[in-house]
Amino acid sequence: GDKLGSIEVGKLADLVVLDRDYLTVPDEKISETRSLMTLLGGKIIFLHSDFSQEHNLRPEGTLVSTLEELRQRR
């Protein structure tokens, strides 16, 4: 309760930055939505390389890659 549930200083954030507004795209296009950045527990755990370069983001320990690179790691 003191770390989750609302957006406030000191609370953890799990969120994703998407490449489009999935609430307004046609249903058949939702599957094409891609993550540009993912935060888990308040830490960036994924950055798309283009998004990282555009916003000059290079957090230590963060995986910066493309979707294709992630698929190759599987």
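The values are calculated or read from the model by the stated rules, or taken from the named source; none is laboratory data. For clarity, every value in this text was computed on a predicted model and none was experimentally measured. Cβ atoms come from the backbone with ideal geometry, glycine included; neighbour counts cover every protein chain shown. The area values use the complete protein model at the heavy-atom level, side chains included, leaving out ligands, DNA and RNA. Shrake-Rupley method; radii C 1.70, N 1.55, O 1.52, S 1.80 Å.
Worth pointing out:
- Listed by first and then second residue, the pairs linking a residue in region 1-27 that is more than 29 Å from Glu54 (Cβ to Cβ) and of a type in the set (A, V, I, L, M, F, W, C) to a residue that is in a loop (DSSP other than H, G, I, E, B) and open to solvent by less than 80 Å² (accessible area, probe 1.4 Å), with Cβ atoms under 9 Å apart and 6 or more places separating them unless they lie on different chains, are Leu4/Lys11.
- Boolean, Thr38 is of a type in the set (Val, Ile, Thr) and assigned to a loop (DSSP other than H, G, I, E, B): no
- Qualifying position, being within 22 Å of Glu69 (Cβ to Cβ) and either at pLDDT below 90 or assigned to a loop (DSSP other than H, G, I, E, B) (or both), among Leu47, Leu23: Leu47
- Within region 56-72, the set of residues being open to solvent by 90 Å² or more (accessible area, probe 1.4 Å) and either modelled with pLDDT under 75 or assigned to a loop (DSSP other than H, G, I, E, B) (or both) comprises Asn56, Arg58, Glu60.
- If you go through region 1-12 and keep only what is exposed (fewer than 12 other Cβ atoms within 10 Å of the Cβ) and not polar (S, T, N, Q), you end up with Gly1, Asp2, Lys3, Leu4, Gly5, Ile7, Glu8, Val9, Gly10.
- In region 38-50, residue farthest from the chain's Cα centre (by Cα) [restricted to those that are open to solvent by 30 Å² or more (accessible area, probe 1.4 Å) and over 14 Å from Leu12 (Cβ atoms)]: Asp50
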